[in-house]
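Heads up, the thing below is written out as structure tokens.
The values are calculated or read from the model by the stated rules, or taken from the named source; none is laboratory data. Quantities reported herein were computed from a predicted structural model and do not represent experimental measurements. FYI the Cβ positions are ideal-geometry reconstructions off the backbone, even for glycines, and counts take in every protein chain you see. Only protein heavy atoms, including side chains, enter the accessible area calculation; ligands, DNA and RNA are left aside. Shrake-Rupley method; radii C 1.70, N 1.55, O 1.52, S 1.80 Å.
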Amino acid sequence: MITVAGFNSAIDRLVDVGALRPGTVHRAGGADERPGGKGVHVAQTIAALGMPVTLVGLCDDAHAAEFSQRLKLRGVDFRAVRSPVPLRQCLAIREASGRITEILERSEDPGADTRMVLDQVMRHWAMESDALVCTGSLPPGFDAGYYARVSAETSLPCAIDASGDALRAAADGSPWLLKPNAAEAADLLGAPVASLEDAAGVARALHARGVRHAVLTLGGEGAVAVDEHGAWQASLHVDGVRNTVGSGDCFLGGLMVALMRRESMGDALRLAVACGAANALGEETGFVRLDTVDGLRPLVRVVPLDV
Ligand SMILES: Nc1ncnc2c1ncn2[C@@H]1O[C@H](COP(=O)(O)OP(=O)(O)OP(=O)(O)O)[C@@H](O)[C@H]1O
Ligand SMILES: [Mg+2]
């Protein structure tokens, strides 16, 4: 089983407008509301691939029953920690062209007691698990070193997908796996990641400073990874992309499932890239179907790189 610490749950709302014109009134077409946040995306990908998964995250009273029910239908055991403050909303505005503008609310501080319960519940489920994934922004009140400490203190394989100071703190330790995207990696190292060579250089540098599995995702260009056995690039071009938001989360879910099945990094990248592309082809943010992933996986190109 994999436990996902994705504390900062959200209500994802997708609203359709013809064309977005700042400063004017829009009449929304269909609007859709569902459980959101990076933890939800990673966990439902792991479940779709057939691996048991527990998600630990915040939920308010108004959404706890519905979120648990919806995630259960997706195969995710959601261990909701009740928050005294309302869940944040993430609004995605989709235009007829397919372009998506996101407005992500900041969450309110749930308070010290709730933060302590989140930590305790996560540690409880981690003890029952084979691996841990720490993903997404942390609710206010958590310090930026939280994921780095969790990673240092656990004996489990622990993957971290974070940005800014939380990523910086994690990279200063020797985490089992880091998965920044190109922009996050560029911010971390203070150097642009504009080419595949740049990305491979960053992954090598992260691995050299102690990241056991250094994985960079590069949107439609795929991903690069460096571990003790070598370096790889993996990519898949697909037509008909609809929504790439959450592709990194689905990628990480796929990567963890494959690594837990003891696949090599090259093979794990094949599944991860297929998951990222499967998400991009679908409308829903951070969700893949097994049949789509199975269809794409053999098409992924994996190339070894010089270490
Ligand atoms: N347009 C695309 N076509 C095909 N595959 C894609 C596309 N965009 C993303 N992917 C796949 O998904 C993976 C992750 O994408 P990306 O680098 O955009 O992650 P991210 O920025 O972390 O996303 P998020 O944080 O929204 O989940 C890529 O490595 C790639 O395999
Ligand atoms: Mg990401």
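Yes or no: the stretch 300-307 includes at least one residue that is outside any helix (DSSP H, G or I), over 18 Å from Lys38 (Cα atoms), open to solvent by less than 10 Å² (accessible area, probe 1.4 Å) and touching a residue at least 60 places away in the same chain (Cβ under 8 Å). Yes, the stretch 300-307 has at least one match. Of all the residues that make up the stretch 1-10, how many are surrounded by 21 or more Cβ atoms within 10 Å (Cβ to Cβ) and either away from ligand 2 (no atom under 16 Å from the Cβ) or not small (Gly, Ala, Ser) (or both)? Number of matching residues: 6. Exactly one residue out of Gln44, Gln69 is of a type in the set (S, T, N, Q) and surrounded by fewer than 22 Cβ atoms within 10 Å (Cβ to Cβ): that is Gln69.
If you check Gly136, Gly141, Gly111 for being within 16 Å of ligand 2 (Cβ to nearest atom) and at positive phi, only one passes: Gly136. Among the residues of the stretch 241-267, just one is open to solvent by less than 20 Å² (accessible area, probe 1.4 Å) and without any contact (Cβ under 8 Å) to a residue 24 or more places away in the chain, namely Ala258. Any idea how many residues of the stretch 27-41 are surrounded by 15 or more Cβ atoms within 10 Å (Cβ to Cβ) and outside any helix (DSSP H, G or I)? Adding up the residues that qualify gives 4. Under the condition of being in contact (Cβ under 8 Å) with a residue 60 or more places away in the chain, open to solvent by less than 50 Å² (accessible area, probe 1.4 Å) and in a loop (DSSP other than H, G, I, E, B), the residues counted in the stretch 82-128 number 4.
Of the set (1) surrounded by 22 or more Cβ atoms within 10 Å (Cβ to Cβ); (2) among the β-branched types (Val, Ile, Thr); (3) touching a strand residue (DSSP E or B) at 6+ places or on another chain (Cβ under 6 Å), all apply to Val15 but (1). Among the residues of the stretch 153-206, the ones that are within 23 Å of Asp119 (Cα to Cα), among the hydroxyl-bearing types (Ser, Thr, Tyr) and away from ligand 1 (no atom under 13 Å from the Cβ) come to 3 in all. None of Arg297, Arg261 is closer than 14 Å to Ile46 by Cβ, modelled with pLDDT of 95 or more and more than 13 Å from the chain's Cα centre (by Cα) except Arg261.
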